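As structure tokens, the structure follows; a few thoughts come after it.
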Amino acid sequence: MNTIDGALAEADRAWRAYGVGSADRAALADDLRLDLQAAVADGGDPTQLLGGDIAGFARRLADEAGVRRVCGDYRRLLGTALIGAALGGLLGYAILTALYPMLVRIVDLPRSFEVPIQLALAVYYGVPAGVVVVGAVTAVRLRLRDLPRIRRTAWMMSLLMPAAGILITPITMAFAWSTGYSTAPEVIATEVAMVLATLAGATVLARRLSIRDRQEPSDTTLNTTEIKPA
Amino acid sequence: MIAADNEPTDDSDRQTQLLRGVLDMCLLALLAREPAHGYELVRRMEDAGFGAISYGTIYPLLTRMRRLGLVADEQQASPTGPPRKVYALTGPGRSHLDAWQKQWDRFADTVAGILTPPDHNPTRSCP
């Protein structure tokens, strides 16, 4: 029985990587388990039966069962999000550069008025960060129109990326503080990598959540019907 | 030019290609005789003389035929073990089998007609 479980676990990983939804995976696995149990009762060995290439078998089975596949296409997603974020970063910097002197000229604050430092930081860094997120989400939404459920992915990104940014900012600041706010290239590179990795994680998570199956198996798959002997 | 060393592999490839074209028909024919579970079909194919056909080939094909409504399955209690998922031919499966069998007969006749040498081999006579 453990061998069956092991084979099914490997098949499940292959189905997951192949973009088969959870409901379809469960249906395929239930069917396969029944058949393997019958084979084992007749003296078969599941590993031998399925051969060395269980992943290949699982993909073939998914194809033959006609299940719907939704591919994550994470490489394209991350590349597009990165391009959008970079363009957004440039735009955000440009906005800030143009906006800051304009605001200084328009809003003539008296010398006695002190802007809270938190507010100043939030505006100074928040505006470019917001534009970075908007850039990444817009790029994904527009450039990856061919991917299924991309609208939902973009929506999830718009929620998760700011949350990831809020999460990683104090961590990065703490790291910077621990290095005495060093401007050494390797320290700066580490800080940038920390932020990018977190945003990439948020993007991947957004995609995973958006393509997660809604527990409805494919229409075409595995309807068990009554036997009508020929 | 095919080297003589490659002949066993070539035979095996040809056998695989031939089998690929008829495997679904053979499975339907076996199920028409008697319903069976997946592993049982593997053994029946072997007994029929096809040699070792892997379960990994037959099971996905059965799944496709089930999706197409050519076979149906049900769980049957087994006195010796867990319940068995047994496949049987459906009405559409029977119709398909009949049609495929006729097609196969025509095809095999045509091939045989080409492969079989004529009864009287005319010899060229010298003038």
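Since every read-out is calculated from the coordinates, none of them should be taken as a lab result. Since the model is a prediction, treat every value here as computed from it, not as a measurement. Cβ sites come from the backbone with ideal geometry, for glycine too, and all protein chains shown count toward neighbours.
All distinct Cα pairs of the range A:74-211 go into the 1/r average, and the inverse of that average, the Kirkwood radius, is 16.4 Å. Based on Cα atoms of the protein assembly as shown, Rg over Rh with Rh as the Kirkwood radius reads 1.23. Evaluating kT/(6 pi eta Rh) at 20 °C and 1.002 mPa s, with the Kirkwood radius of the range A:2-65 over Cα pairs in the Stokes-Einstein relation, gives 185 µm² s⁻¹. Each Cα pair under 8 Å and six or more residues apart adds its separation to the average, and for the range B:8-104 the resulting relative contact order is 29 percent. Here chain B is treated as a Stokes sphere of Kirkwood radius computed over C-alpha pairs; at 25 °C and 0.890 mPa s its diffusion coefficient rounds to 141 µm²/s. The shape of the range A:1-122 can be summarised by an equivalent ellipsoid whose semi-axes, obtained from the alpha carbon gyration tensor, come to 61, 16, 11 Å from longest to shortest. The calculated FRET efficiency for A:Asp45 paired with A:Thr190, based on their beta-carbon distance and R0 = 51 Å, is about 0.50.
Summarise the long-distance tail of P(r) for the range B:12-59 by giving the % of C-alpha pairs beyond 14 Å. Value for the range B:12-59: 47 percent of Cα pairs lie more than 14 Å apart. Quick one: angle between helix B:55-67 and the longest Cα principal axis of chain B, in degrees between 0 and 90, rounded to 10, please. Approximately 70 degrees, to the nearest ten.
Each Cα pair under 8 Å and six or more residues apart adds its separation to the average, and for chain A the resulting relative contact order is 28 percent. Counting other Cβ atoms within 10 Å as a rough exposure proxy, the listed residues B:Phe50, A:Phe113, B:Phe107 run A:Phe113, B:Phe107, B:Phe50 from fewest neighbours to most. Helix A:22-41 axis versus longest C-alpha principal axis of chain A: approximately 30°, rounded to the nearest ten. Each of A:Trp15, A:Trp177 was scored by other Cβ atoms within 10 Å of its Cβ. Listed from fewest to most, they are A:Trp177, A:Trp15. Its Cα centre serving as origin, the range A:74-211 has a Cβ charge dipole (Lys and Arg +1, Asp and Glu -1) of approximately 860 debye.
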